[in-house]
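Novice: The structure under discussion is supplied below as C-alpha cells; questions concerning it will follow.
The values are calculated or read from the model by the stated rules, or taken from the named source; none is laboratory data. Everything quoted here is computed from the prediction, not taken from an experiment. All Cβ positions, glycine included, derive from the backbone under ideal geometry; neighbour counts span all protein chains shown. Just the protein is used for accessible areas: all its heavy atoms, side chains included, with ligands, DNA and RNA removed. Shrake-Rupley method; radii C 1.70, N 1.55, O 1.52, S 1.80 Å.
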Amino acid sequence: MDKVNITIIGAGVVGLAIAAELSRQYTDIVVLEQHGQFGQEISSRNSEVIHSGIYYPPHFLKTKLCVEGRNLLYEFCDKFAVPYSKIGKLIVASEQSEIDHLYELYQKGLQNGVTGLTLIEKKEINTMEPSLNALSAIHSSETGIIDSHSLMKRLHDDATSNGVLFSFNSKVNFIQKERKGFVIGIEDDDFKVMSAMVINSAGLASDRVAALSGIDIDTNGYRIEYCKGSYFSYSKPSPVRRLVYPLPNSNLSGLGVHATLDLSGRLRFGPDAEYIDSIDYKVKQDKRDVFYQSAAKIINGLDKNAFIPDMAGIRPKIKGDGLNDFIIKHEIDKGLEGLISLVGIESPGLTACLSIAKHVHNTVERFLN
C-alpha cells in the first residue's frame, strides 16, 4: 500500500489552490479527482466573477475569506498573468420600495470591510450605464471577472511542479480511519493509499465523501442539495459595460438573474435557482420568457429573441433553511484527526479559493507540526 502525507479529494479550483499552497511546504501530496481532468463541475460552470464580499453576515467565514481572497486573487493574477478585468458591478434598485434594502446592503458591505463601494443615484447611473432602469445603485469598483480555466491551469501547474501527484478518473469509494491515518480506496481499482491527512474538497460530492469517512451528514448538517443555475447568452452586442445585479432575495438562495460579461465582452444572464435531484446541465429553452422578463426589469431595450440557452452550473447548497456558511472543519471532535472537511463551498468559492487554501494550510500546519 502506498503511503502519502496528504490526500486532497477533488481537483476543482479550491482543491487546486489547496494543492498549490500546501506543496510549497509539504511533500508526498496526492490529489484524487473522479473526472478526467481538473475543474469539470462547479469551477467551470459559473459566472467567473471576482466578488467583493458584500452579501453575507460579517461573522461568516464565507465573508472573511471572500474579502481576503479577492485581494489575493488580484495579486496572483498580476504576478502570473492570469487574465482578468476589474470592470466593476452595479447592484440596482429599480423601484422605490427597494431603496431601503439597497441602503442596508451598502451598510453591510461597509461593515464587512469591503472597499470600493459607492452609493450612486439615477443621474450618475445613467451616465455610467444609459440602458439601466435604476433609481439608485451600489457601485462596487473592485468587482471583476476572471478566466477561471487559466487560473486553474496555473494552480495545477504550480502544484505539479512542486511534486503533487494528480490521479484523475479516481472516484473515492472507501475511507477507513486507522491509527496512523486513513486508508483510501478507489472505485473499480485495487489501488489503496494510506494518508496521514485527508482534505475533502469534493464539491458536489463533498457530503458523500464525508459520509464515507463515517460522519453522519444529517446530524452534522453536512448534507447538500443540488441547486441548478441556468444561463442565457445574449446574441446581440451588450448594452452594458459592467456587471449588473438586482437586489438579492432575503435568504440569498441566489443573487437573482443578473447580467455578467466575460473577458471577450459577451453578455450572459443568470443564474436562476432550481433544486434538482440529480446532476443535469441541460438549459431549457422554455425558460427564455422568465429570463427576459427578469432582465428587462433592470435593463431597457433588450430583445427577447436574442436570449439563447447557454450553460448551466450546479451549486452545492447545504440542506436547510436560512443562510449557510462555508463548512471548513478539522474533524477532531468526531475521532477523525487528520480529516479536514470542506462542505457547501459555493459562491464566492472561486473568489475565496486562495484564502481558503491559506485557511486550510493553517490547520494542516497545526496538525503535522
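Novice: For segment 139-154, state whether one or more residues are under 14 Å from Ile8 (Cβ atoms), open to solvent by 10 Å² or more (accessible area, probe 1.4 Å), under 23 Å from the mean Cα position of the chain (by Cα) and of a type outside the set (Phe, Trp, Tyr).
Specialist: Checking segment 139-154: not a single residue is under 14 Å from Ile8 (Cβ atoms), open to solvent by 10 Å² or more (accessible area, probe 1.4 Å), under 23 Å from the mean Cα position of the chain (by Cα) and of a type outside the set (Phe, Trp, Tyr).
Novice: Consider only pairs whose beta carbons are under 8 Å apart and that are at least six residues apart or on different chains; among these, list those whose first residue lies in segment 201-220 and is touching a residue at least 24 places away in the same chain (Cβ under 8 Å) and within 22 Å of Gly39 (Cβ to Cβ) and whose second residue is surrounded by fewer than 22 Cβ atoms within 10 Å (Cβ to Cβ) and of a type in the set (A, V, I, L, M, F, W, C).
Specialist: Close Cβ pairs satisfying both conditions: Leu204/Ile279; Asp207/Ile217; Ala210/Ile217.
Novice: What residue, among those in segment 159-174 that are part of a strand (DSSP E or B), touching a residue at least 40 places away in the same chain (Cβ under 8 Å) and of a type outside the set (S, T, N, Q), is least open to solvent (accessible area, probe 1.4 Å)?
Specialist: The residue in question is Val172.
Novice: Can you tell me which residue within segment 239-253, out of those that are at pLDDT 95 or above and open to solvent by less than 20 Å² (accessible area, probe 1.4 Å), is farthest from the chain's Cα centre (by Cα)?
Specialist: Val240
Novice: Now a separate question. Which number in (1) at pLDDT 95 or above; (2) surrounded by 15 or more Cβ atoms within 10 Å (Cβ to Cβ) marks the one condition that Gly256 misses?
Specialist: So the condition that Gly256 fails would be (1).
Novice: Any chance you could count how many residues in segment 207-243 are farther than 19 Å from Val257 by Cα, in contact with a helix residue (DSSP H, G or I) (Cβ under 8 Å, 6 or more places away or on another chain), of a type outside the set (S, T, N, Q) and in a loop (DSSP other than H, G, I, E, B)?
Specialist: Qualifying residue count for the region: 5.
Novice: Evaluate segment 188-206: report whether one residue or more is open to solvent by less than 20 Å² (accessible area, probe 1.4 Å), closer than 12 Å to Leu339 by Cα and not in a strand (DSSP E or B).
Specialist: yes
Novice: Identify all residues within segment 28-47 that are within 12 Å of the chain's Cα centre (by Cα) and aliphatic (A, V, I, L, M); write none if there are none.
Specialist: Within segment 28-47, Ile42 is the sole residue that qualifies.
Novice: Quick one: what pairs do we get from segment 280-304, first residue under 19 Å from Leu261 (Cβ atoms) and among the hydroxyl-bearing types (Ser, Thr, Tyr), second open to solvent by 60 Å² or more (accessible area, probe 1.4 Å) and not in a loop (DSSP other than H, G, I, E, B), C-beta under 8 Å, 6+ apart or different chains?
Specialist: Every condition considered, the pairs that remain are Tyr292/Lys304.
Novice: Within segment 306-353, restricting attention to residues that are among the charged types (D, E, K, R), modelled with pLDDT of 95 or more and over 17 Å from Leu204 (Cβ atoms), which residue is most open to solvent (accessible area, probe 1.4 Å)?
Specialist: Asp333
Novice: Still on this model: Quickly run through segment 141-158 and pick out the residues that are touching an Asp or Glu at 6+ places or on another chain (Cβ under 6 Å) and in a helix (DSSP H, G or I).
Specialist: Ser148
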